[in-house]
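See structure below.
The values are calculated or read from the model by the stated rules, or taken from the named source; none is laboratory data. Values in this document were obtained by computation on a predicted structure and should not be read as measured data. Glycine also receives a Cβ, built like all others from the backbone with ideal geometry; neighbour counts cover every protein chain displayed. The accessibility values were calculated without ligands, DNA or RNA, using every heavy atom of the protein model including side chains. Shrake-Rupley method; radii C 1.70, N 1.55, O 1.52, S 1.80 Å.
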Amino acid sequence: RKLEENELDLILGASMMEPDVRIETNKKGFCRYHFGKMLPRKNRLGIALMLQSHVEEVKKEIKQGGFFSRDHSAKPVKNISKLEESCYICDRIENNLSAMFLTTVYLYEEEKDFRKKFENQKNFCLPHYKRLLEASKNINKEMKAELEKTAQKILFAHMDQLYEDVSLFIKKFDYRFEELPWGNSKDSIERIIALLTSEDFRIKNKK
């Protein structure tokens, strides 16, 4: 979320008119989700300027093949499909996030104090757990095995707790357990979704 906010601030601020950035936004455009994030912000002129040059670029990319082309529709179909999966902000976030995972495993390998902090984490979501395991291939085998063991211990403890909480939530719908305290079960559905998807709807619902 922090990376996303940073990128939205940059693209609708000073970075918008930088030539190298405009080349990238003209080429990649933005996904539906990030268009939705940009529109409520107050720089509609900035969005218009980017869209003006982006549309011009898109027109070039979807122009059908020349007179001797066997399949006139091949180029626009291919390039529109590519554009549908392209987003300047998504790519920026992904590049920075990849660097963060590499930094995490590097620090785990090199810094004893960092390993202690890592061991004290409360949980990981599954998408980021997967990314962590993928990044761990960049450190030596011994530290890789230790990191994976520690991360799995944290994750499984969190999953066990979630299982208990959602089980209690379900049980509370049985009249026989009406007097049973809710404990931490009331938001167990949202917390399991956060585990599975990395999307925390509790934060969204507070806004």
What is the distance in Å between the Cα centroid of region 1-46 and that of region 146-163?
37
Please work out the Cα center distance from region 97-125 to region 48-62, rounded to the nearest Å.
41
With the radius of gyration and the Kirkwood radius both derived from the Cα set of the chain, what is their ratio Rg to Rh?
1.11
TYR106 and LYS149 label points (each 7 Å along its Cα→Cβ direction) are spaced in nm at 2.6
Can you list which of the trypsin sites (Lys or Arg not before Pro) found in region 85-139 are DSSP loop residues with at most 14 other C-beta atoms within 10 Å?
LYS122
Going by Cβ distance under 4.7 Å, what cysteines of the chain have no possible disulfide partner?
CYS125
Taking LYS171 as the anchor, which lysines have their alpha carbon closer than 18 Å to its alpha carbon, excluding any fewer than eight residues away along the same chain?
LYS186
CD proxy, 222 nm, the chain: helix-only mean residue ellipticity via -39,500 (n - 2.57) per DSSP H run with n ≥ 4, per residue, nearest 500, stands at -22000 deg cm²/dmol
Please work out how much length the chain gains when fully extended from SER53 to ILE193, using 0.36 nm per residue of separation minus the C-alpha to C-alpha distance, in nm with one decimal.
46.5 nm
Quote to one decimal, in nm, the extra length available between GLU178 and GLU94 on full extension: 0.36 nm per residue of separation minus the C-alpha distance between them.
25.6 nm
Distance in nm between VAL77 and ILE23 label points, each 7 Å along Cα→Cβ, equals 3.2
Per residue, how much accessible area does region 65-159 show when a 1.4 Å probe rolls over the protein heavy atoms, in square angstrom?
70
Please calculate the 1.4 Å probe accessible area of CYS125, with all protein chains present, and give it to the nearest 10 Å².
20
Give the carbon-plus-sulfur fraction of the accessible surface of the chain in %, rounded to a whole number; probe 1.4 Å, heavy atoms of protein chains only.
55
